[in-house]
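Below: one structure, written as structure tokens.
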Amino acid sequence: MENWKIAEYTRYYNSEEFQQSYLYSGDDLGALWSEDKTYFRLWAPTAERVQLNLFHTGDKPDLYVSHEMVKEEFGTWIMTVDGNLHGVYYTYSVTIEGQTREAVDPYAKAVGVNGDRGMVVDLSSTDPEGFSYDIRPPFNETNDAIIYELHVRDFSIDCSAGINAKGKYLAFTEIGTVNSYKDMTGIDYLTELGVTHVHLLPIFDYATVDETKLHENQFNWGYDPKNYNTPEGSYATDPYHGEVRIKEMKQMIQALHKSGIRVIMDVVYNHTMASFDSNLNKIVPGYYYRTTGEGDFSNASGCGNETASERFMVRKFMLDSILYWAEEYHIDGFRFDLMGIHDITTMNSIRDALDEIDPTILMYGEGWTGGGSVLPDWERSMKFNMKKLSTRIAAFSDDIRDGIKGSVFLAHEKGYVSGKEGMEETIKFGVTAAIWHDQVDYWKVNYSGGPWAAQPSQTINYVSSHDNLTLWDKLTLSTPWESKGNRLRMNLLSAAIVLTSQGIPFFQAGEEFLRSKPINEEGTEFEDNSYRSSDRVNSLKWDLRTIHSEVFHYYRGLIELRKAHPLFRMRTAETMSKNLRFLSGMEPNVIAFSLSQVVFLQEESAEEILVIYNANRDAKTIYLPEGEWKVYVKGTRAGMKLLSIITDQVISVDPISAVVMMK
Ligand code: CA
């Protein structure tokens, strides 16, 4: 189809006639299985003919029947096929203006190998034993979360994991696994670390890993969506039979839930891997994507296209998909890739719909895009529009990410912990969760000229994620003259800032044992975009948890401390601005603040926490408010264990380190 034709269709989609006659709001799109018949419904308003093709397998030339579908209301096509169709594969042949193209049902709940055909599925047969009793682990407030970002394959593919189901969903079901030093790995390790949520990089069916060649050890992050409502096949023990990946993903979620860990899914509704030839575009040309007046695909994703969430049927598709994952798979949270592409109304509608299921389900995303969009900035879920979004939708703070350790775009740039001067206000901006605070000088904040969050539940604080260099590699490249010891202190200080700030802390798996992605043998060059690098670059090397155990214990200690003290997790902007006060008179590169319960309790005896960051290369003497201060974080140690008690109102804060004490 020519571009001018797409442009013509787009005008039609926006017309009153189309809006009145062809938007379908029913909940029966897809293939609805029952024991004696399966009911198919596809939305294809511009099609002149639709055929339903049934196959015995997901990949072989074994079509056994094609049915002419019947045009029904609001642009949908229906067909009921008698018999038990569980395990039958299907596609649609959609004819538009005389051209017929074969497509997979966007609502397919199961697919064959490489997601090239849908599969009719009896979902109850995919439930592992006890799944109907699986419940979300206890969790109340959004900013109680401590999020660990993980790739399914990275988690278990390296031998040091000691896991049998290498690179698979089932790796999460193995308990008692250890590294070469006999320290815990796998799911036991996650419990030991103490994180509340595991955020998994894409686990829906993505395109780039060829599921027929799994012996080739391919790797991809998975930001290339193919089928939104089915699990990725390469993480299953058998990608050919559609029910296997469903069951095994459920087993993974069940195992994490049993360990008290909630599961967040990284969702990529902002674009599809294919553009003109995507399933969505074959079925309704031009409808699912934003296009220019000339009919070109708009490309805010930087991946060739961007979806049009503001259109009724796209919004519905996203909503239906999210609710399906939350209900069928018990997913506990969603991270929206390039959330800045999605319109604000859609994001708020998803929040409202999730609240009907469970308001503790998390929602957050990237408040930016990968390029310009044809939809105006003010209509999209950009970081600077956070105040138009629900207070329980959060955005990543690139302000603190880069403030702590330097820009992700400039490998050699330093940040606060690595010796860049004048970063105090940016760090304070992070500590206060990007919410307005009278003691932050917004003129001096690196990126945002003002607070962008309305509540602490809107801000994800972090210093590293799958994108860009790992924290350790960034510190190595930006401070080549430093000792390893000093870099280690920089890493610890970074963690202390993220985990003592208000908002929601987040970190990339392995940050807590100095994860590195070297691309040469000498370890002097590092991968900053490992989306398709080898396992050698990407996998978690579990022996590092032992080799760098002091780093692991520091992170673990901070997590323990944060969980034990609600003052690190204040609920509202109002309590935060009153209860968090920065101490004045600090030397350059020293930040100190107190957290107290004055607003909650109105009494002197209430708990008070004092946090100090010192990014200087020398120790700093800090004079303390009156009282007996119990020190829990100092030097390279952090946790619930009391380290010392200070009664003489003065403390020496080690070079490049944090102190946390309590009264
Ligand atoms: Ca796939």
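R581 fulfils the conditions (1) outside any strand (DSSP E or B); (2) open to solvent by 60 Å² or more (accessible area, probe 1.4 Å); (3) under 19 Å from G430 (Cβ atoms) except for a single criterion, (1).
Of all residues in the range 187-209, which are within 16 Å of the ligand (Cβ to nearest atom), in contact (Cβ under 8 Å) with a residue 60 or more places away in the chain and open to solvent by less than 10 Å² (accessible area, probe 1.4 Å)? Across the range 187-209, the qualifying residues are L200, L201, P202, I203, F204, D205, Y206. Contact list please: Cβ distance under 8 Å, first residue in the range 79-101 and among the basic types (K, R), second residue part of a strand (DSSP E or B) and surrounded by 17 or more Cβ atoms within 10 Å (Cβ to Cβ), pairs at least six apart or on different chains. Pairs that qualify, where the first residue is among the basic types (K, R) and the partner is part of a strand (DSSP E or B) and surrounded by 17 or more Cβ atoms within 10 Å (Cβ to Cβ), are R101/S93; R101/V94.
Can L514 be described as surrounded by fewer than 23 Cβ atoms within 10 Å (Cβ to Cβ), of a type outside the set (S, T, N, Q) and touching a His at 6+ places or on another chain (Cβ under 7 Å)? Judged against the criteria, L514 is not a match.
Scanning the range 338-359 for residues that are surrounded by fewer than 20 Cβ atoms within 10 Å (Cβ to Cβ) and under 17 Å from the mean Cα position of the chain (by Cα) gives a single hit, R351.
Of note, A165 does not satisfy the criterion of being surrounded by fewer than 23 Cβ atoms within 10 Å (Cβ to Cβ), among the aliphatic types (A, V, I, L, M) and within 16 Å of the ligand (Cβ to nearest atom). Inclusion of N229 among residues that are among the polar types (S, T, N, Q), surrounded by fewer than 23 Cβ atoms within 10 Å (Cβ to Cβ), under 30 Å from D154 (Cβ atoms) and within 14 Å of the ligand (Cβ to nearest atom) is warranted. Answer yes or no as to whether S160 is away from the ligand (no atom under 16 Å from the Cβ), open to solvent by 10 Å² or more (accessible area, probe 1.4 Å), closer than 28 Å to G242 by Cα and part of a helix (DSSP H, G or I). It is false that S160 is away from the ligand (no atom under 16 Å from the Cβ), open to solvent by 10 Å² or more (accessible area, probe 1.4 Å), closer than 28 Å to G242 by Cα and part of a helix (DSSP H, G or I).
Considering the conditions (1) open to solvent by 20 Å² or more (accessible area, probe 1.4 Å); (2) at pLDDT below 95, G295 is excluded by exactly one of them, (1).
The values are calculated or read from the model by the stated rules, or taken from the named source; none is laboratory data. Values in this document were obtained by computation on a predicted structure and should not be read as measured data. Cβ coordinates were reconstructed from backbone atoms using ideal geometry, including for glycine residues, and neighbour counts include every protein chain displayed. Heavy atoms of the whole protein, side chains included, go into the accessibility calculation; ligands, DNA and RNA do not. Shrake-Rupley method; radii C 1.70, N 1.55, O 1.52, S 1.80 Å.
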